[in-house]
Amino acid sequence: GENVEQHPSTLSVQEGDSAVIKCTYSDSASNYFPWYKQELGKRPQLIIDIRSNVGEKKDQRIAVTLNKTAKHFSLHITETQPEDSAVYFCAAKVNTGRRALTFGSGTRLQVQP
Amino acid sequence: GAVVSQHPSRVICKSGTSVKIECRSLDFQATTMFWYRQFPKQSLMLMATSNEGSKATYEQGVEKDKFLINHASLTLSTLTVTSAHPEDSSFYICSAVGSTNEKLFFGSGTQLSVL
């Protein structure tokens, strides 16, 4: 099955700096890679996703890059704000309706004001 | 995005009792739902895949007789934790694939505490 590794486990940045979280996956058949933000005690919220036919996708301060050859993808948050503080999870799956997502171990991002 | 509703949000129960958690897709039909468990400061671990009208598929190490899943309709899946014990205390969260058959949307989760 799929195995997703995520680094770092914790990340502390100053407000306004950029944050980068990296993930690798094992199943070359995986073709859908979402990122979720989870605040304490709440449900994960989808913040951005990318498919394997795209190398990069951007949505305001958030961007995701995908290197399918190397089987890794990254989340980039620019101009970080204190409200970006949360746990971020990457995930991967083969994009059919009955396949579940496999999640990375999570990154706790702390943005210092 | 699609809306997934989960109830209850928090349960405290005595050891040995059973607890039922409901997961509903509110504005779409979900032929497949997924149940995850999340321990404190850990990732989401898939427990089982719930398929409407058929038996659930359990992940390795998850006891199907302890975690009963019923997906009787296209909008409702239930997870029953039978004879709960303190080690079952966790955050249980359901999810469903929206109409695009791609994006996964999560319920609000159920924090189970077994005393």
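Among the residues of the range A:65-101, how many are touching a Pro at 6+ places or on another chain (Cβ under 8 Å) and in a helix (DSSP H, G or I)?
Summing the residues that are touching a Pro at 6+ places or on another chain (Cβ under 8 Å) and in a helix (DSSP H, G or I) in the range A:65-101 gives 1.
Within the range B:46-56, work out how many residues are at the interface with chain A (Cβ under 9 Å from one of its Cβ atoms) and over 11 Å from the mean Cα position of the chain (by Cα).
Matching residues across the range B:46-56 total 1.
Among A:Gly97, A:Gly41, which is more than 10 Å from the chain's Cα centre (by Cα), at pLDDT below 95 and under 18 Å from B:Leu104 (Cβ atoms)?
Matching residue, one of A:Gly97, A:Gly41: A:Gly97.
Tally time: how many residues in the range B:62-84 are farther than 21 Å from B:Ser15 by Cβ and either in contact with a Pro (Cβ under 8 Å, 6 or more places away or on another chain) or among the small types (Gly, Ala, Ser) (or both)?
Total meeting the criteria: 3.
Residue check: is A:Leu46 more than 9 Å from every other protein chain (Cβ to nearest Cβ) and in a strand (DSSP E or B)?
It is false that A:Leu46 is more than 9 Å from every other protein chain (Cβ to nearest Cβ) and in a strand (DSSP E or B).
Here are the criteria: (1) at pLDDT 95 or above; (2) surrounded by fewer than 16 Cβ atoms within 10 Å (Cβ to Cβ); (3) touching a strand residue (DSSP E or B) at 6+ places or on another chain (Cβ under 6 Å). Tell me which single one A:Glu79 does not satisfy.
(3)
The values are calculated or read from the model by the stated rules, or taken from the named source; none is laboratory data. Owing to the predicted nature of the structure, the values given are computational and were not obtained by experimental measurement. Don't worry about glycine lacking a Cβ; one is built from the backbone with ideal geometry, like all the others, and counts go over all protein chains shown.
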